[in-house]
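Asker: Before I ask anything, here is the structure I am working with.
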């Protein structure tokens, strides 16, 4: 897969509540936003879900080809997701929303933005996620198809799911 130049900061959407959906490579993000994103992912994955810090901090965020997408409100990150190339596909992962942002449509907007970025970045028509089992129906409602039996990753039940776009 051809490496991509780092993805500069882009504003993708704004909401009336003052929240802004943005995308960028980590190197173009404000350090305070990176810190806020790290705190959010720590809260969701390490504290709430019991994932080890070694598994959460896997180094993929620093890769030149990884794009981070996030919701920012009042200087804090309230939702985040990342997009990166995989073997013959694009990958989406690390979807996290603050408790205060859950059920507000932020996760769906993050996933839609991530899918659109995958379509822009690669000619492949396949997007792959490891979706947590409790969110399987939600991912399927977004157009993902389950392609594996349930498996455990970082001690959490997951399914491999694929999204195919024209």
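The values are calculated or read from the model by the stated rules, or taken from the named source; none is laboratory data. Predicted model, so just to flag it, every value in this text is computed and none were measured. Glycine also receives a Cβ, built like all others from the backbone with ideal geometry; neighbour counts cover every protein chain displayed.
Asker: Among the residues of the stretch 7-26, are any within 14 Å of the chain's Cα centre (by Cα), surrounded by 13 or more Cβ atoms within 10 Å (Cβ to Cβ) and farther than 24 Å from residue 165 by Cβ?
Answerer: Looking through the stretch 7-26, at least one residue is within 14 Å of the chain's Cα centre (by Cα), surrounded by 13 or more Cβ atoms within 10 Å (Cβ to Cβ) and farther than 24 Å from residue 165 by Cβ.
Asker: Could you please give the count of residues in the stretch 58-75 that are over 16 Å from residue 25 (Cα atoms) and surrounded by 19 or more Cβ atoms within 10 Å (Cβ to Cβ)?
Answerer: Qualifying residue count, the stretch 58-75: 0.
Asker: Would you mind telling me which numbered condition in (1) surrounded by fewer than 17 Cβ atoms within 10 Å (Cβ to Cβ); (2) farther than 18 Å from residue 65 by Cα residue 109 fails?
Answerer: (1) is the only condition that residue 109 fails.
Asker: Sticking with this one: Could you look through the stretch 154-166, keep only residues that are at pLDDT below 95 and loosely packed, with under 14 Cβ neighbours inside 10 Å, and pick out the one that is farthest from residue 49 (Cα to Cα)?
Answerer: So the residue we want is 166.
Asker: Please list, ordered by first then second residue, the pairs with beta carbon atoms under 7 Å, 6 or more apart or interchain, first in the stretch 15-40 and on the phi < 0 side of the Ramachandran plot and touching a residue at least 60 places away in the same chain (Cβ under 8 Å), second assigned to a helix (DSSP H, G or I) and crowded, with 18+ Cβ neighbours inside 10 Å.
Answerer: From residues that are on the phi < 0 side of the Ramachandran plot and touching a residue at least 60 places away in the same chain (Cβ under 8 Å), the pairs are 21/109; 21/113; 23/113; 23/117.
Asker: Any residue in the stretch 79-108 that is on the phi > 0 side of the Ramachandran plot and modelled with pLDDT under 95 sitting within a Cβ distance under 8 Å of a residue that is surrounded by fewer than 17 Cβ atoms within 10 Å (Cβ to Cβ) and in a strand (DSSP E or B)? List the pairs, counting only those 6 or more apart or interchain.
Answerer: Sorted first by the residue in the stretch 79-108, then by its partner, the pairs are 88/126.
Asker: If you don't mind, another one. Based on this model, can you work out whether residue 37 counts as within 18 Å of residue 158 (Cα to Cα), modelled with pLDDT of 95 or more and in a helix (DSSP H, G or I)?
Answerer: Answer is no for this residue.
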